[in-house]
1. Taking 28 Å as the cut-off for C-alpha to C-alpha distance, list the pairs among 20/723; 346/646; 479/577 that go past it.
2. Against the longest alpha carbon principal axis of the chain, how many degrees, from 0 to 90 and to the nearest 10, is the axis of helix 654-665 turned?
3. Convert each backbone phi in the stretch 276-293 into a coupling constant with the Karplus relation 6.51 cos²θ - 1.76 cosθ + 1.60 (shift: θ = phi - 60°), then list the ³J(HN,Hα) values in order as whole Hz, x for Gly and Pro.
4. Tilt of helix 221-251 relative to the longest C-alpha principal axis of the chain, in degrees (0 to 90, nearest 10)?
5. Can you compute 3J(HN,Hα) from phi for each residue in the stretch 691-707, using the Karplus curve 6.51 cos²θ - 1.76 cosθ + 1.60 with θ = phi - 60°, rounded to whole Hz and x for Gly and Pro?
6. Mind putting together the pair-distance distribution for the stretch 375-414? All Cα pairs, 5 Å bins, whole percent per bin, short to long.
7. Treat every Asp and Glu Cβ in the chain as -1 and every Lys and Arg Cβ as +1, leave all other atoms uncharged, and give the resulting dipole magnitude about the Cα centre to the nearest 20 debye.
8. Using the Karplus curve 6.51 cos²θ - 1.76 cosθ + 1.60 with θ = phi - 60°, work out ³J(HN,Hα) for each residue of the stretch 205-216 in order, rounded to whole Hz, and write x for Gly and Pro.
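Rule-based calculations on the coordinates, nothing more; no lab input. Since the model is a prediction, treat every value here as computed from it, not as a measurement. Neighbour counts run over all protein chains shown; Cβ positions are idealised from the backbone, glycine included.
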Amino acid sequence: MLTLETKIENVPNIGAIYQKKLKKLGIKTVWDLLFYFPARYEDFSNIITINKITAGDTVCVQGRVLYVESTTSFKKGISITEAEIEDDTGTVKAMWFNQPFIARSLKEDDFVCLAGKATAGKVASVNNYDGPRQDLYLNNPVFEKLSEIEENNNLTHTGRIIPVYSETRGLTSKWLRYIIKPLLEYFFDKIPEILPEEILAKHKFLPIKEAIWQIHFPDSFEAIDASKARFSFENLFLLQLNILQQRAKLMQKTSPNCPMDADLMKKFTESLPFQLTDSQRQCAFTILKDLEKSAPMSRLLEGDVGSGKTVVATMATLSAIKNGYQVAFMAPTEILASQHFKGIIKMLENFDVKIGYLTGKESFIYKNGKIEEIKKKNLLLDLEFGQIDLLIGTHALISKGVTFSKLALVALDEQHRFGVNQRAELTKNKTLIPHLLSMTATPIPRTLALTVYGDLDLSLIKEMPKNRKKIKTIIVDPKERKSAYDFIHKEVKNGRGVFVICPKIGEDENEKNQAPIAGSFTPQNYQIGLLGVTEIKTVKQEYEKLSKDIFPDLRVTMLYGKMKTEEKQRVMLDFKKGEIDILVSTSVVEVGVDVPRATVMMIEGAERFGLAQLHQFRGRVGRSDMQSYCFLFTTDPSQLNRKRLKALVDCDNGFELAQKDLEIRGPGQLYGAVQSGLPDVAMEGMSNIFLVEKTRASAKELLEKDVNLLQYPLLKERLKEFKQKIHFE
Ligand code: ADP
Ligand code: MG
């Protein structure tokens, strides 16, 4: 007996070769086959008589085969199959190229339905038979044999709107239709309805059996839309159930509560060399209030580069520590981790905190006003015994042997969703769940905020520190290169620092093809490395050129990913202190590096970087009250590139840029990299904010009634499968 779980091996008519091909598409069971949706449709529903055919139209005709003949043109190496069909009104020819098997399956006197494009032109007839319609022929039509010609034939491939599947790996749509249709007929009443009745009724959705039938063999284009609407909803609904259920379960757990000490916070903000912006103040307040609760905080602090997220996170850190707890502060790279270590020490130097620093290679401790090297083993012991208040570092923080004794807060810099899993890592075997604060400069459109990031609360730093001046962004014409250099020289003579970014280092083959053109505003793109194209400027060449030929009198230094950590840190420190004038670098400086004295960001091969990355680079300057500049050099004259770079010139707001990026590159790029495992119908739905809100509301409503879905066993089961299939990075 066939069931929905039956493996395709046990389905009639699927041979070994096809089994293999299906498996490559991830299709293993009858269920998978039925849920393998068409990519598009062809409208062959208009069956007409032969005399009504007009060249250029896609038509469908039925008739009797007069003859079928195949020839192979040895010169051109192609085979041509020709047939002529007759109905009451006339005859027409059909031509197939390179499909010799057609001559074996179609025979004289067969009844057929042919669907395809009528192409103008006289056919070089195989047998010189001259039919009445030699002004046109049907070009590679789909054919379907009929037992006889009658009004209501149950057609699969012709005479209706037919499904076209993505025909990868040698699976034709015709074959898939041939396999799927009888299965649909057999299972019509057996596909379980997972959507609760009240939801079906409320949104007037097609019931599952209708929807699945209509998505494969639709009666009309309206029916396709209706069933797509149902499946989009269904998938996004599962996504929301997943996110909201996890969140609801998390909220039942307990976290350390850390009452806010207003005097302490006042003392802290007064010790800063600047005033917090209103946005920073509001975000800090929200976060400090979250920490007072015993339900775990899950918050994303979002703010454009340079908006000052670190100080906000530091306030939360201080509050947790002064309540007697520990904090983990994790950054994606060593450079950033060490920058945070130094920056946070400075902010907390009058608050008597013990701070550890841990990466894969290094461990330090800061106490009593001094930074000292410490054996990793001893650092970890101190941590375990609660002798360290704050541990800053890279992913080393979640490696084996790192045990916090009383962790209250995990702060993550530029880690995005990653953090949610990492909290789980940090809390295994713990009864108290730490609060989570994730920081990002990635602008998150509302649709993503409610789906991919839908389990996090959002705080937005909307404004930049007041002392900032708008960075002047200029696309530099190659002829103007010299004046750009002169300008840089002048800036350096005024004590400013200059970044020069190149797309690739040395001639190192390993760095080639690391990433596609990093383009869209996806979290990954903030960490993506470089593009390997041999002729593009390399750091080493650029360094040689700048240090020897252009600026022999200035201090030029290189920075690239493969350098030793200590070396990188020394270079960054020297640059910060003003002992280096020009830093020629790969994209390692991309995320979060803070050098307030730098005022010029010069980017070579700007076409190699996505808008998001370019905006990040630009955010490295303009971090003080000095006027800063971003020079873009490009060798790509294409319209698209012009448009992109122009957007960067015109716009200094990461959120607006994300929107422009979306318009220029299309939504696929935006969501593509963020998610995986979601079907296309859901992906399409994900950019529809109304649908997203609708599914979220429905999921919330249902979970409020029944958080464990005990009354909805089928839905619960589907949700379990869904979880295994999707994963967001
Ligand atoms: P990001 O949000 O990109 O992580 P940072 O936290 O690194 O930004 O802050 C960027 C720079 O701005 C740092 O040098 C920081 O000390 C400074 N800064 C932060 N807040 C303010 C403020 N309100 N006024 C002036 N400078 C600030
Ligand atoms: Mg930062």
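1. Distance filter (> 28 Å) returns 346/646; 479/577.
2. Orientation of helix 654-665: about 20 degrees from the principal axis.
3. Values, residue by residue: 5, 6, 4, 4, 4, 4, 5, 4, 4, 4, 4, 5, 4, 5, 4, 5, 6, 7 Hz.
4. 30 degrees
5. 5, 4, 5, 4, 5, 5, 4, 5, 5, 4, 4, 5, 5, 5, 6, 7, 5
6. So the P(r) values, bin by bin, are 6, 23, 36, 26, 8, 2.
7. 2500 debye
8. For the stretch 205-216, the Karplus curve yields 7, 5, x, 3, 5, 5, 4, 5, 5, 5, 6, 8 Hz.
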